[in-house]
Amino acid sequence: MHVALNLNRKRSRLIDDNGDDDEDVPEPLKSLLRSPLSELKRTKTESELDEIGIVAPADAWVVDVKSILESPTLPKPETSALQPHNNVCNFVASSSVMVLCVQGNYHLHYDLLCSHLPNLYSIAPTLQALVLCRDPSTHVPSTSAPFSLPLVQAVGPDYNHFVRLGLLHPLGGGHHPLDALVVVDPRGRRRMVLPFGWGAGRHAADVGGGKTVQAEMMDRLRSCIQTLAQEMQ
C-alpha cells in the first residue's frame, strides 16, 4: 500500500485529477508523455527525409565520371543467372544523368531502383544506372530483381570511388561503402544522395513504416530526375 501511494503521489505531479496535463509540466515532457516511441521515431525520420533534396549546381560535389566509366565493369556477376541490363545504347555524354547504386550488402535500394527504371527512362531516356561495388565478380546485387545492372569495381590499386563520392563506411576498413543511390548530372555534379540503411534511410526496411520511407525516397529520386531533365532543355 505504501508503494502504491508513493506512485500515485508522483503521478499527481504530472497529471491532475481530471487526467489533464499539469500546467507545471514542461512542454517537452508533455509531448513525450503523449507520444508513443513509434510516433517519435516516425517524426524524426520524416524530419530527416525533409532535409533530402536536390543540391544546387554551385554547391554540388564534382564526381570523376570518366574514371567511373573506365573502371573494370561486368554486365553481371560471373556465376549469376540474372539477365544483364543497361542503357548504353542511349548514352549521350552531354545529357545523360547517372544514377549510381552504391552497394555493400544492402539489396533494397537496388531492388527499388530496378523497379522504378521504366518510369525514370520515360523522364530521361538517356539515363544510365550503374552499380558501384567492391568486387563485381562475386557481388550479389539482389536476390529478387529480374536483371543485373552493370557492376563497376569501385575500389582499385590507385582509386576508391566510395571515397570520392563521400560514401566510404567509417568501419569498413577502407573497402566498404555506405549504401546509397547517388544522382550525378550530365556535368558530373553529385546532385542528390539517398541513404539506405543509415541516416534518413535507416528505417527503409522496417516492417512498420519502411514502405513509407521507400515511397518518399523514390518520390525524391523521380523529382530529382525531372528537375535535371528540365535543366538540360
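Figure legend. Inter-residue proximity from region 143-167: first residues closer than 24 Å to residue 80 by Cα and free of Cβ contacts under 8 Å to residues at least 24 places away in the same chain, second residues of a type in the set (Phe, Trp, Tyr) and buried (at least 16 other Cβ atoms within 10 Å of the Cβ), beta-carbon distance below 8 Å, spacing 6+ or different chains. Indicated pairs: 155/162.
Taken together, the residues in region 40-63 that are assigned to a loop (DSSP other than H, G, I, E, B) and either exposed (fewer than 15 other Cβ atoms within 10 Å of the Cβ) or modelled with pLDDT under 95 (or both) amount to 4.
Among the conditions (1) buried (at least 16 other Cβ atoms within 10 Å of the Cβ); (2) touching a helix residue (DSSP H, G or I) at 6+ places or on another chain (Cβ under 8 Å), residue 106 misses just one, which is (2).
If only one of 170, 136 is free of Cβ contacts under 8 Å to residues at least 24 places away in the same chain, of a type outside the set (Gly, Ala, Ser) and not in a helix (DSSP H, G or I), which one is it? 170 is the lone residue from the list that is free of Cβ contacts under 8 Å to residues at least 24 places away in the same chain, of a type outside the set (Gly, Ala, Ser) and not in a helix (DSSP H, G or I). Can you say whether residue 165 is over 17 Å from residue 68 (Cα atoms) and touching a strand residue (DSSP E or B) at 6+ places or on another chain (Cβ under 7 Å), as far as the supplied structure shows? Judged against the criteria, residue 165 is not a match.
Report whether or not residue 125 is assigned to a loop (DSSP other than H, G, I, E, B), touching a residue at least 12 places away in the same chain (Cβ under 8 Å) and within 23 Å of residue 226 (Cα to Cα). Taking the combined requirement at face value, the residue satisfies it. A single entry from 162, 91 fulfils the requirement of being in the same structural domain as residue 205 (by TED's automatic domain parsing), among the aromatic types (Phe, Trp, Tyr) and buried (at least 21 other Cβ atoms within 10 Å of the Cβ): 162. Just one residue in the set 221, 228 is outside any loop (DSSP other than H, G, I, E, B), at pLDDT 95 or above and touching a Lys or Arg at 6+ places or on another chain (Cβ under 7 Å); that residue is 228.
In the set 96, 80, 137, 148, which member is more than 24 Å from residue 187 (Cα to Cα), among the polar types (S, T, N, Q) and buried (at least 20 other Cβ atoms within 10 Å of the Cβ)?
Details: 96 fails: more than 24 Å from residue 187 (Cα to Cα); 80 fails: buried (at least 20 other Cβ atoms within 10 Å of the Cβ); 137 fails: buried (at least 20 other Cβ atoms within 10 Å of the Cβ).
Within the list 96, 80, 137, 148, the selection yields 148.
Which residue is nearest to residue 92 (Cα to Cα), if the candidates are limited to region 205-231 and must be surrounded by 14 or more Cβ atoms within 10 Å (Cβ to Cβ) and of a type in the set (Lys, Arg)? Checking each candidate, the answer is 222.
The values are calculated or read from the model by the stated rules, or taken from the named source; none is laboratory data. All values derive from a computational prediction rather than experimental measurement. Note that each Cβ is placed from the backbone with ideal geometry, even for glycine, and that neighbours are counted across all protein chains shown.
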